[in-house]
Amino acid sequence: MSGQPFIKLHDGRLMPQLGLGVWQATVDQTRQAVSYALKTGYRSIDTAAIYQNEAGVGQAIQDSDIPREELFITTKLWNTDQLHAAEALQTSLQKLQLDYIDLYLLHWPCPQNNHYIAAWQQLIELQQQGLIKSIGVCNFQQQHLQAIIRETGVTPVINQIELHPLFQQRPLHAWNGLHHIQTESWSPLAQGGKGVFDQPQIRALAEKYAKTPAQIVIRWHIDNGLVVIPKSVTDTRIAENFAVFDFRLEKEELTALAALDAGQRLGPDPDNFNKV
């Protein structure tokens, strides 16, 4: 698989460090993108119930000849299903045409509803039933993580959060690491490179390594120990995003890119987001 690196989660399972995200893609776009990604060498696919394209992922998996154990499929429990995780999981399994999910995530804490601890307990039980291999969360702040760990004694393997050069979330990333929670970056290219790809530091590195700005940013995630899931439905971009294993950034270059952090969140604030 082109020498792509893997991350060992604290439950002992291995996860590819680079995967394909399919947010805002239609079912047909998703099927085509995932099919091409699997042929390119991707083995990790990240979807969610709310994306309404799990069926496209499932169709692409069925169309491929890749053994199921070589794939790492992530999907997520939506906010309105926090008290009905078992039923929601069965729906996702049917759409994905799978017997189990590699990684199932709570999509948002929605703290105003105060259901996320109960939802986490359900994920623990579903994992014990063998329907999920690993369980984690998305968009959880430190206080949300502390609450579910305190109440259940079970620590998520992953916290998938908005993270890109303009919004590096270093305190939360460090806290995750201290508690053996892998940090995973969504919107890793800052929604198509908004304000990132034209940064002089990134353009200079792209020229130095004969890579695109997107490839530099993806490599930045990898070299910082992050799991990264750039989204694309374009074959050339999917291939480009995967061609990042033949170089690595130097320590001083990572330090220079750390200076780009502007605290610029592009998505919702998890403390206030309660969308159903």
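The values are calculated or read from the model by the stated rules, or taken from the named source; none is laboratory data. Here the structure is a predicted model, which is why all the values come from computation and not from measurement. All Cβ positions, even for glycine, are placed from backbone atoms using ideal geometry, and neighbour counts span all protein chains on display. Surface accessibility is based on the protein's heavy atoms, side chains included, excluding ligands, DNA and RNA. Shrake-Rupley method; radii C 1.70, N 1.55, O 1.52, S 1.80 Å.
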- Message: Cβ-Cβ under 9 Å, sequence separation 6+ or interchain: first residue in region 47-74 and at positive phi, partner open to solvent by 40 Å² or more (accessible area, probe 1.4 Å). Which pairs?
- Response: Q52/T26; Q52/V27
- Message: Cβ-Cβ distance below 7 Å, separation of 6 or more or different chains: which pairs start in region 200-227 with a residue that is closer than 13 Å to P5 by Cα and end on one that is open to solvent by 50 Å² or more (accessible area, probe 1.4 Å) and at pLDDT 95 or above?
- Response: R219/R248; D223/R248
- Query: Where residues in region 80-105 are of a type in the set (D, E) and buried (at least 19 other Cβ atoms within 10 Å of the Cβ), which of them is farthest from I161 (Cα to Cα)?
  - Reply: D81
- Message: Here are the criteria: (1) part of a loop (DSSP other than H, G, I, E, B); (2) open to solvent by 50 Å² or more (accessible area, probe 1.4 Å); (3) more than 29 Å from T30 (Cβ to Cβ). Tell me which single one E207 does not satisfy.
- Response: (1)
- When restricted to V217, V244, the only residue outside any helix (DSSP H, G or I), among the aliphatic types (A, V, I, L, M), modelled with pLDDT of 95 or more and in contact with a strand residue (DSSP E or B) (Cβ under 8 Å, 6 or more places away or on another chain) is V244
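So, in region 126-153, how many residues would count as being open to solvent by 20 Å² or more (accessible area, probe 1.4 Å) and touching a Lys or Arg at 6+ places or on another chain (Cβ under 9 Å)? Write out each step before concluding.
The initial filter retains those residues of region 126-153 that are open to solvent by 20 Å² or more (accessible area, probe 1.4 Å), namely 127-131, 133, 141-143, 146, 149-153.
The next check asks that each one be touching a Lys or Arg at 6+ places or on another chain (Cβ under 9 Å); those that pass are 127, 133.
Selection size over region 126-153: 2.
In this structure, does Q182 turn out to be touching a helix residue (DSSP H, G or I) at 6+ places or on another chain (Cβ under 6 Å) and in contact (Cβ under 8 Å) with a residue 12 or more places away in the chain?
no
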- Task: Considering only region 62-79, state which residues are open to solvent by less than 70 Å² (accessible area, probe 1.4 Å) and either more than 14 Å from V34 (Cβ to Cβ) or out of contact with any strand residue (DSSP E or B) (no Cβ under 8 Å at 6 or more places or on another chain) (or both).
- Result: S64, I66, P67, R68, K76, L77, W78, N79
- What residue, of G41, G3, is over 19 Å from Q182 (Cβ atoms) and modelled with pLDDT under 95? G3
- Message: List pairs: first residue in region 106-125 and at positive phi and buried (at least 21 other Cβ atoms within 10 Å of the Cβ), second residue aliphatic (A, V, I, L, M) and not in a helix (DSSP H, G or I) anywhere in the structure, Cβ distance under 8 angstrom, at least six positions apart or on different chains.
- Response: C110/V276
- Select from region 26-44 the residues that are more than 9 Å from G56 (Cα to Cα) and within 16 Å of the chain's Cα centre (by Cα) and list them in ascending order. A37, Y42, R43, S44
